[in-house]
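See below for the structure under consideration.
Each reported figure results from applying straightforward, stated rules to the coordinates on display, with no laboratory input. Remember, it's a predicted structure, so these values are computed and weren't measured experimentally. Note: ideal-geometry Cβ built from the backbone for every residue, glycine included; neighbour counts use all protein chains shown.
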């Protein structure tokens, strides 16, 4: 079962991908992580990618597709994969489909996590984590039981992501609409696009995704 999760930053794709990994023995593939691993390995693809990045350029689609192609042939991807952060453009989506077709593979579902953006912004800018154990909290929705003390480990230091500001989040949302959202009609035309309510509770979103997969 090969899946793509789509949705703007903060929609909860990472959380749901981890659950899908555990439930269905799939592998979450982050192109960023794969690039770093390829460069560290010194493989031919990694060397080419490093040259491009060292020159200050974006890694071309052809290299990304080649990297994904190599990765999904590894044994741990035998049950399938979940793509995270790719594709971002219709051209990339077409190249991915072509590569999978060459291997006799296909995408089973492309799941869009729909969100209310104003609520999403509030959700993102209010979040913070324990600096010791990484437990997550929110100014409004999930405060520690004792103010300033982590429920999980008793730590008293917390931190926020530097880019979790309203201006930055709005910019990221605008980039998503400009760059990635246009691929939704492409996958809709392929008959593999399904939408779930990304604003629902985490367990409810998981249930919606399972219903989509059960019908695929």
TODO: With r as the distance between the Cβ atoms of residue 77 and residue 156 and R0 = 45 Å, compute the FRET efficiency 1/(1 + (r/R0)^6) and round to 0.05.
DONE: 0.60
Task: residue 163 versus residue 175: modelled label distance in nm, points set 7 Å from Cα along the beta carbon direction - done: 0.5 nm
Task: Per-selection metrics, region 66-159 (Cα): Rg and Dmax in Å - done: 20.1, 56
Task: Enclosed volume per residue, in Å³, of the convex hull spanned by Cα atoms of region 169-214 - done: 73 Å³
Task: Volume of the Cα convex hull of region 1-55, divided per residue and given in Å³ - done: 114 Å³
- [ ] Extending each Cα 7 Å along its Cβ direction at residue 118 and residue 69, get the distance between those two points in nm, one decimal.
- [x] 4.7 nm
Task: Mean projected area in nm² (Cα convex hull; one quarter of hull surface) for region 1-125 - done: 8.8 nm²
Open item on the list: Running a GNM on the chain with Cα contacts under 10 Å, which residue among 160, 140, 71 ends up with the highest mean-square fluctuation?
Closed with: 140
- [ ] With just the Cα atoms of region 133-178, tell me how far they stretch along each of the three principal axes, in Å, largest first.
- [x] 42, 18, 13
Task: Cα convex hull of the chain - mean projected area over all directions, nm² - done: 13.4 nm²
Open item on the list: Which three extents, in angstrom, do the Cα atoms of region 129-216 have along their principal axes, listed largest first?
Closed with: 51, 33, 20
Open item on the list: 7 Å from Cα along Cα→Cβ at both residue 197 and residue 132: what's the point-to-point distance in nm?
Closed with: 3.8 nm
TODO: Please give the FRET efficiency for residue 145 paired with residue 24, using the beta carbon to beta carbon distance and R0 = 22 Å, rounded to the nearest 0.05.
DONE: 0.05
Task: Cα-derived Rg over Rh, computed across region 37-93 with Rh taken as Kirkwood radius - done: 0.99
Task: Antiparallel DSSP beta bridges within the chain, percent to nearest 5 - done: 30 percent
